[in-house]
Each structure stands twice: as structure tokens, then as C-alpha cells.
């Protein structure tokens, strides 16, 4: 087992495990955001729970490690695969029947997700948990770091942010539609019978997760008008 | 029918390659693609020029020797056929047809459209066999095999090792080829005994030879002339990971 992660399948296993972990986080995040639609107090209670407490900080570090491993191994695999393709490319290519665009552009979609994540971390993590960690009482917007609901409502009252987040979420949706069934295939939990089912489940879950994120931010924007 | 052919010419493995354009005229629609190349070569020889080198053997779609990336597709514009089974009726009169060799770091060009596919032989030598003395041919049905297993095994065994999967994969991965070999043996009583060690050995050799990893695009199964499914790759992944966790 020692050298499992040096093999091409082992490296993909890391992508699958970290990918599954990040999907679980997204699901939790989506449910947490849902609280804001119904009650600002409920949302702020979650924000306080996930502030600069030791368990939230441990969770943040584990989550960051998941993102870093997923991203670093994506780079390692992409560079290796690029080299394996050879120096000379085909003069003419055609899209193969049944091959989805997302499956061939996972790295580019991943970059879209990472860029969106950087903006998102600045908007919220920096102004909430980080502000608490450094012991400041107000964030860069002059708000209390535990005043999550007000911060989120403030950000999503700006149409520019709403559009940027929608673009980000579309990229995430494409990434998830391939990533979900692909991770099952990589660990070997797939067959001819389950192929269609897994793809269908991937589309449904991706749409539920990303659709809920989008719906919530649109509701927040409409409420801000 | 008349065609303009844009063909990759390369004198040897180290030479710089380039596209050259040729014209072929009065080709019957029922001419096979390789016969059309034979006609071109005949013309080139009569003109005192070097004929185009390309791989071929059985011309029945079973040996896996013919290759060619035609108009952006391995084995050309049709499903589940090899280049030798492709006919000119699939093209239109006056078409320009681009013909390239398989492109992959593990399949270097030897000359023109011929690539070196020895890497597949090396992967087979690493584990694509049953290492027991099987003796003479046993009577049919001496060892009962469930029909579903036999069918699954035969579907995988249909792989002819042509390399279209590697040529098509954006990662130059040989996973479909390895999966077909491992899967066809894993579903049979004689072959399944060594499944785990076979999966490990063949994947190790595949990685060593510079093939890329699988990113599940499904392009390989779309262009496979024998329609080998990527469900066999799922089985290979399962067997490989099981083997590694047992180590």
C-alpha cells in the first residue's frame, strides 16, 4: 500500500476522496445558507458557532487541506497527462460522440472555481473568521465579524457580485456534473448498469446544490431592492 | 470520386514531419480507405516518389494493425469500425481528408503514418497472461461459467489492441486497453486467480512507459472500434485499489 499514491490510479484516488469531502462541505454550506432566507438570527447563530472556536478552526484547516490537495494533485495529474499526449498535437480534432465538454475541461473549470473561491474567501472568511482570529472587533467594512447576515446581505445587494457569483456557480456546476460520477468510477464503484444512474444522480445533486446557492443569492438580491 | 489528401509525412522517428497534399481521382465509392491509399501509393511509385507508409494487415477489422487519425477521429468517421473497414462512401466527392498518425508520447512515429505500438506488448508481458500450465484444450463446458460472466469477458476480449483509445484520449492513457485485458481474464475461472497481481503489474508498466492517467472523459470508448466499455476501467480501478490495500 505504501506506493499506492505514486501510481496514476492512486493519484486519482486522492482527487476522488478530496472531491467527495468538498462535495460534503458544499452540501453543508448550502444548508447553512438556506437558514439566512428564513431567519437572520438563525444564520448568525451558525456564524457564531463557526467563528474563531477551536473546533471551527480545526475544521477550517482540514477543509483548506482538502482544497489544497485537490488542487495540487489536479496540477500534478494535468502536467503528467499533458506530457503523455506528446509534443505534436493533432492538426484536426473532433468532439467524440457522447463526450461531455466538462469532462475534457475539468482543470479550466477548477481554475474558475479557485478564482471564485479567492473572491469568496476575501468577502466572507477574511471579514468574519479571520477578523475574529486577529482579535479585531470590526472587519474591513466596519461590521462586527459575528454579524454574518448583514455582511452577506450587504455583499449580495451589489449586482456585480451577484453576476460574478452566478458565473462562479455555473463553473462549479459543470465541474460537479463530471466530478461526482467520475469519483465513483475512479474508486471502481461503477458498472454498465450503474453508469447512466450515476450520471443522472450527479446531474440531480449538482443541480440541487448549485441551484440552491444561486436561488439564495438571487433571493437576497431581490430582498435588498 | 475525387479527393484531396492532406497526409503527415515523416522520413523517420527523428526527422521533422510535415503535411503534404496529394490528389486521388476516379475513386469508387465502394473502395476501402486503405485501398484508396494503395491507389495513391501506386500513383506515387509510378511518379518515382516515396509511397506513404501506413500499417495494415488482415483488412478484416480483427488484427488491430491499421490505425490512422482521419479528419480528427481515430479510424475515421464511423462508429465501431477499424480503418480497413472504412469505405470512401462515408466521404463526399471533392472532400479534403486529413490523415495523421496516432499522437501519443508512448507511440512514437516510426515513419509517415506508422507508429511504434510495442508499449502495448510490454504491458501484456507485464501481466496479461495466465501463469499456469493449462495443458491441452479441455472439453467444452467442463468448467461451468455463468453466461453473464462469459459475455462480459468476451466483450472485453474483443479489444484488438489497435491503440485508438490512446490516440483519442487527451491524456494519452492506455487505461481502456489495460482494463480490457484485466477484465477479460478476471471474469473467467482460469484468469481470476491472478487478477490482483495482474492489475498491479500492468498498471505499473503502463505508468512506467509514459502513458497518461484516466480522467473519465469516455472518448476512448466512443472511438474504440470494438465498443469496449469504460465499465471495464471501473473494474480495473476496483481490482488495482483492492490489490494495493491488501499489500
Next on the checklist: If each DSSP helix of 4+ residues adds -39,500 (n - 2.57) and the sum is divided by the residues in chain A, what number results at 222 nm, nearest 500 deg cm²/dmol?
Outcome noted: -25000 deg cm²/dmol
Item to check | Debye intensity ratio I(q)/I(0), log10, chain A, q values 0.09, 0.11 Å⁻¹ (C-alpha model) | outcome: -0.44, -0.65
Checklist entry - Mind checking the angle between helix B:231-246 and chain B's longest principal axis? C-alpha axes, 0 to 90 degrees, to the nearest 10. => result 40 degrees
Checklist entry - Residues of B:175-188, mean number of Cβ from any other protein chain within 10 Å of their own Cβ, rounded to a whole number? => result 0
Checklist outcome for this item: Shielding of B:200-213 by other chains, given as the mean Cβ count within 10 Å, works out to 4
Item to check | Estimated Rh, the range B:108-158: Kirkwood, alpha-carbon pairs, angstrom | outcome: 14.6 Å
Item to check | the range B:112-217 - Rg (one decimal) and Dmax (whole number), Cα, Å | outcome: 15.0, 49
Checklist outcome for this item: Shielding of A:73-81 by other chains, given as the mean Cβ count within 10 Å, works out to 3
Checklist entry - Volume per residue, Å³, of the convex hull around the alpha-carbon atoms of the range B:3-110? => result 107 Å³
Item to check | Hull volume in cubic angstrom per residue (convex hull over the Cα atoms of the range A:1-94) | outcome: 152 Å³
Item to check | Computed log₁₀ I(q)/I(0) - Debye formula, equal Cα scatterers, no solvent, the protein assembly as shown, q 0.08, 0.09, 0.12 Å⁻¹ | outcome: -0.60, -0.73, -1.04
Next on the checklist: How tilted is helix B:195-208 with respect to the longest principal axis of chain B? Cα atoms for both, answer in degrees (0 to 90, nearest 10).
Outcome noted: 40 degrees
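Would you mind computing the Rg to Rh ratio of the range B:172-247 from its alpha-carbon coordinates, Kirkwood style for Rh?
Result for the range B:172-247 is an Rg/Rh of 0.96.
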Item to check | Mean projection area, nm², convex hull over Cα of the range A:38-135 | outcome: 10.2 nm²
Item to check | Convex hull projection area averaged over all views, the range A:102-225, Cα basis, nm² | outcome: 9.1 nm²
Checklist entry - When the helices in chain B are scored as -39500 (n - 2.57) per DSSP H run of 4 or longer and the sum is shared across all residues, what 222 nm value do you end up with, to the nearest 500 deg cm²/dmol? => result -10500 deg cm²/dmol
Checklist outcome for this item: In Å, the Kirkwood hydrodynamic radius from C-alpha pairs for chain B sits at 19.4 Å
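For the ranges B:156-169, B:181-194, A:210-223, what's the packing order if you count other beta-carbon atoms within 10 Å of each residue, average per peptide, and put the highest first? Intermediate results must be reported in sequence, preceding the final value.
On the way: B:156-169: 24.7, B:181-194: 20.2, A:210-223: 16.7.
Packing proxy ranking, top to bottom: B:156-169, B:181-194, A:210-223.
Only the coordinates and a few stated rules stand behind these numbers; no lab work does. Everything numeric here is computed off the predicted structure, so don't read it as measured data. For neighbour counting, all protein chains shown are included, and Cβ atoms are generated from backbone atoms with ideal geometry for every residue, glycine included.
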